[in-house]
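Structure record follows, encoded as structure tokens.
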Amino acid sequence: MPRTNRHDTSFGSSYARAGPRMDARGATEHRRRLVEAAYGVVVEIGAGYGATFPHYPAAVTGVLALEPDPTLRGLALAAARTAPVPVTVEEGVAESVPTADASVDVVVSSLVLCSVADQSVALAEVLRVLRPGGLLLFYEHVRSAHRVFAAAEDLVTPLWSRMAGGCHPNRDTVAMIAGAGLTVRAMERFGFSVLPGNPRLAHVLGVASKS
Ligand SMILES: C[S@@+](CC[C@H](N)C(=O)[O-])C[C@H]1O[C@@H](n2cnc3c(N)ncnc32)[C@H](O)[C@@H]1O
């Protein structure tokens with residue numbers, strides 16, 4: 001069994017309340033842009049309450065959405081019913097994607113690689129399931145480029161991670177994506193404050209491909 005974070009349902013309930021507020025502050029637009037290049041067979045890891053589902057374009061033939069948290073998965077199942085493309089929601093984690101090698105056109109990760117227990121294992125799975133030329137579409141908050149802010153992120157990570165479902169604000173996720181053997185084709189980096197009063201954390205919206 002892959003090592004995964006403990007999934008405590010209190011995080012799922014809090015995220016289900018906070019997520020729509022974050023969406024209203026701009027995350028909806030980030031999600032729309034995240035999936036606009038999606039096509040064919042898609043796997044979405046850590047789908048949460050299904051906030052990306054309404055944005056999948058018609059070029060997508062089907063989405064397998066994996067979500068470990070039962071509260072969020074229930075909401076994702078409801079969101080799947082009104083999605084514009086067929087979406088199947090299943091219990092599962094990024095570290096163990098239940099699809100064959102080289103069988104997927106696009107993997108979508110929206111605010112998930114901060115929370116997986118082991119990014120190397122999750123990204124190795126992305127590489128395994130993607131067909132050659134397949135895409136990883138990612139929207140993630142990442143380690144600050146400023147030394148002092150990054151040090152502050154290192155400091156708060158142990159406590160924050162316990163309170164926020166395993167989330168690590170200090171991860172250099174883009175370096176991990178490149179280090180896993182994917183080629184980053186396009187990427188935008190920007191600050192985004194997810195809730196009123198929260199600091200603007202560095203976020204990335206990008207596309208990586210498997211050669
Ligand atoms: C911040 S939420 C983002 C949810 C959703 N993708 C979104 O954009 O709103 C993080 C999500 O990652 C999920 N998660 C945590 N560990 C995971 C893992 N190992 N594999 C897949 N998903 C995981 C959580 O249950 C949660 O749904």
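What follows draws every value from the coordinates through simple rules; no lab data is involved. What you are looking at is a predicted structure, and each value in this text was computed from that prediction instead of being measured. When we count neighbours, we look across all protein chains shown, and the Cβ atoms used for this are built from the backbone with ideal geometry, even at glycine.
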Within the chain, helix-based [θ] at 222 nm, where runs of 4 or more DSSP H residues each add -39,500 (n - 2.57), nearest 500
-10000 deg cm²/dmol
Within 10 Å, at most 15 other Cβ atoms, and a DSSP state outside H, G, I, E, B define an exposed site. Report the longest part of the chain free of exposed trypsin sites (Lys or Arg not before Pro).
7-199
Given DSSP loops and a limit of at most 15 other Cβ atoms within 10 Å, what is the longest stretch of the chain that contains no such GluC sites (Glu not before Pro)?
92-211
Order of His146, His168 from fewest to most other C-beta atoms within 10 Å?
His146, His168
How large is the convex hull of the Cα atoms of region 3-133 per residue, expressed in Å³ as a whole number?
95
1/(1 + (r/R0)^6) with r = Cβ-Cβ of Asp172 and Arg81, R0 = 41 Å, i.e. FRET efficiency to nearest 0.05, evaluates to 0.65
Which log10 I(q)/I(0) values, to two decimals, does region 123-211 give at q = 0.11, 0.16, 0.19 Å⁻¹ under the Debye formula with one point per Cα?
-0.35, -0.70, -0.91
GNM flexibility winner over the chain from Gly165, Gly40, Gly50 (Cα, springs under 10 Å):
Gly40
How large is the charge dipole for region 9-209, taken about the Cα centre, if only the Cβ atoms of Lys, Arg (+1) and Asp, Glu (-1) carry charge, to the nearest 20 debye?
560
